[in-house]
Amino acid sequence: MSFGSGFHDIRSIESCLNDGAQFVHEYKEYLKDTIQIEREYVKNKLSHINKYKSKQEKRYTLPELTYAILNDIYYTKMNGNMEKKCEDRMALLEKFNTDIIEPLKVILNKEEEEKKKNSIKYHESCDIVMASKKKCDKKQDKIDKSEKTEKMEKSLNKSGELTELVEKDKGNGTNNLTINTTNIAPLNSNNSQTMLPSSLPSSLPTNLMSALPTGNQLYVDDNLFPDMDDTDNGSSSNDKKKIKKGKKILNPLMKMNNKKNFYIMSLKVANALRNKFYEEDTPYVFNELQSINEKLYKNFKDICIRQIEYEKELSKNYSNRNEEILRSLNSINISKDTEIYIRCYSKEWHKPEIIPFIPTTHWEDKEELVIDGPTSIVLKNMIQKGRERLYKIDLGINSKTSEYNKFEMICDSFNKNSNVPNSEIDVIRNKKNDIMQNIIMANNIKLICEIQIKEISKYIENEPKPERQHLFKPKKIINPTVCDYCKEKLWGKAYICKLCTFSCHIKCELKVPLECNGVKTKRKSLRINCSQLSEIITYNIKYFYIID
Ligand SMILES: [Zn+2]
Ligand SMILES: [Zn+2]
């Protein structure tokens with residue numbers, strides 16, 4: 001099956017060809033726009049790469065660093081490769097322009113040209129068929145006219161023998177004519193409905209119309225259709241005069257017969273041309289158009305394949321470049337990286353000096369504790385409290401340390417097991433770090449206690465623990481009373497011994513000797529007037545202000 005055998009109407013073929021060309025044209029435009037967009041993109045990308053390249057160059061001034069550490073891999077390898085990739089892409093876009101867009105233009109122009117040529121061929125054949133049909137119609141028309149003149153002659157020569165002959169012959173002629181016209185009629189009616197050649201040119205697409213010659217006479221040689229009475233066409237009135245005179249009596253009959261013969265011949269020719277047009281010329285042109293269409297598609301396909309080959313080549317280049325980056329990344333040793341960094345950036349360092357003791361006029365010029373009655377009580381209390389605190393802190397540190405060890409074990413097992421997600425490892429690591437932070441803070445307090453105990457122990461002998469010592473608890477005093485240590489008014493926040501109800505200010509607690517007699521005494525609340533109360537309030541506000 002081909003266009004020649006499958007189609008009888010050039011319009012469907014032309015719309016097929018136009019669709020194909022339109023598609024190729026659209027693809028060409030699409031690719032052109034794509035190239036434009038990608039060019040802009042690559043340009044932007046290149047300037048972006050350069051921006052970060054110069055940033056990197058500013059960051060590392062030591063040449064040793066710019067070729068060794070991991071940070072640099074991104075810039076020299078990754079960024080450098082990115083730059084090369086951009087250049088590759090740019091080169092590909094140029095290739096697209098010369099090897100894809102231009103050839104597409106060429107095949108489109110060629111297709112258009114060949115399409116036009118074949119369309120002209122088709123319409124030339126079409127014109128010949130139409131001209132032959134016109135000729136045929138013209139001859140039939142002339143016979144009709146002659147018939148009328150014969151009738152006129154008959155009425156003029158009532159007793160002429162020849163008129164009978166003419167009448168007889170004419171009768172036969174008309175009979176033949178009616179037979180012939182009925183023979184033509186089905187062909188005509190059939191064609192007028194489907195594909196009468198004469199109806200084609202006016203309904204063709206306008207672009208093809210322009211390719212057509214304006215007149216049939218240019219393509220149809222009139223000699224192909226001889227017509228002997230063409231020259232006598234305008235002299236029928238002269239004939240009548242001649243007939244009237246009885247001269248050249250044989251001429252009309254001969255003319256009639258010739259007319260009939262020429263008419264039949266032109267009919268045969270018209271039908272033969274018509275057959276040839278439908279059976280040979282049209283299939284030939286249609287097949288030509290088919291091969292033009294197929295050639296366009298084949299060329300287009302080849303160009304598309306070329307385009308994909310280019311893309312594949314580019315991908316291969318890209319993957320090679322990626323491999324290169326990967327090799328560089330794998331060559332990086334993180335701990336060595338750190339070593340290089342330390343070597344390049346470490347500077348000479350001196351431990352900060354010990355904070356010196358600054359003597360005043362009140363103290364002797366010695367960095368020693370002052371020991372007397374009241375201070376020794378305070379120091380003894382401090383040592384006592386310090387030991388208690390140290391004991392509690394040690395307990396806390398021990399439990400936190402064992403907790404920390406547990407988390408460290410979990411962390412180790414997680415690190416060994418590659419199936420554990422990073423997020424889970426991070427959770428455990430964060431918990432472990434929080435515990436370590438607690439231990440560090442507890443150790444700071446421990447150190448404070450240890451230093452205090454150690455320092456005080458240098459001056460005060462280690463005394464045995466008293467039999468009973470005050471058990472101070474913080475309490476809020478609502479009814480003002482007197483501090484058992486300093487004998488001043490006591491109100492608000494205070495310490496009270498649970499065993500002997502000894503009450504004192506918070507500031508006084510450390511100065512109270514440890515021994516407790518364990519005997520509870522009844523406390524008297526102070527009877528105070530308004531002015532005393534305001535005095536107490538003022539004192540307390542002042543005191544808490546200092547504390548804060
Ligand atoms: Zn007590
Ligand atoms: Zn007090």
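Coordinate-derived values only; no laboratory data. Predicted, not measured: the structure shown is a model, and the values here were computed from it. So basically every Cβ, Gly included, is an ideal-geometry build from the backbone, and we count neighbours across all protein chains shown.
Our coupling estimate for the stretch 276-284, obtained by passing each phi through the Karplus curve with A = 6.51, B = -1.76, C = 1.60 and θ = phi - 60°, is 4, 4, 7, 9, 10, 5, 4, x, 4 Hz, Gly and Pro reported as x. Within the stretch 373-455, the percentage of alpha carbon pairs spaced more than 23 angstrom apart rounds to 43%. What the phi angles of the stretch 24-39 give under the Karplus curve with 6.51, -1.76 and 1.60, with θ = phi - 60°, is a coupling list of 4, 4, 4, 4, 4, 5, 4, 5, 4, 5, 4, 4, 4, 4, 5, 4 Hz, glycine and proline written as x. Once the Cα-Cα distance is subtracted from the 0.36 nm per residue extended length, the Lys58 to Leu499 segment shows a gain of 151.4 nm.
What's the local net charge at Lys458, with K and R +1, D and E -1, over the other residues with C-beta under 14 Å away? Spell out each step's value before the answer.
Working: positive: Lys366, Lys380, Lys454; negative: Glu367, Glu368, Glu450, Glu455, Glu461.
Spelling it out: positives minus negatives among the neighbours equals -2.
Of the peptides 373-385, 30-42, 347-359, the ranking by mean beta-carbon count within 10 Å, highest at the top, reads 373-385, 30-42, 347-359.
Using a simple spin-label model with points 7 Å from Cα along the Cα→Cβ vector, what separation in nm is obtained for Ile445 and Asn479? The modelled label-to-label distance comes out at 3.6 nm. Rounded to the nearest Hz, the phi-derived 3J(HN,Hα) couplings of the stretch 495-505 under the Karplus curve 6.51 cos²θ - 1.76 cosθ + 1.60 (θ = phi - 60°) are 10, 10, 6, 5, 8, 10, 6, 4, 10, 8, 5, where x marks glycine and proline. Label reach from Lys117 (point 7 Å along Cα→C-beta): in the stretch 278-292, amide nitrogens under 14 Å belong to 285, 288-292.
Run the numbers for Gln384 and Ser15: contour at 0.36 nm per residue of separation, minus the present Cα-Cα distance, in nm.
Details: separation 369, 0.36 × 369 = 132.84 nm, distance 10.88 nm.
Going from the current span to full extension adds 122.0 nm.
Can you tell me how much longer the chain between Trp363 and Asn415 gets when fully stretched, taken as 0.36 nm per residue apart minus their C-alpha distance, in nm with one decimal? The partial results should precede the final answer.
On the way: separation 52, 0.36 × 52 = 18.72 nm, distance 5.96 nm.
Value of the extension gain: 12.8 nm.
I'd like the FRET efficiency for Lys110 and Glu29, computed as 1/(1 + (r/R0)^6) with the beta carbon distance as r and R0 of 22 Å, rounded to 0.05.
Values: r = 18 Å, r/R0 = 0.83.
With R0 = 22 Å, the Cβ-Cβ based efficiency is 0.75.
With the cut-off at under 12 Å, measuring from each backbone N in the stretch 435-470 to a point 7 Å along the Cα-to-Cβ line of Asp394 picks out 450.
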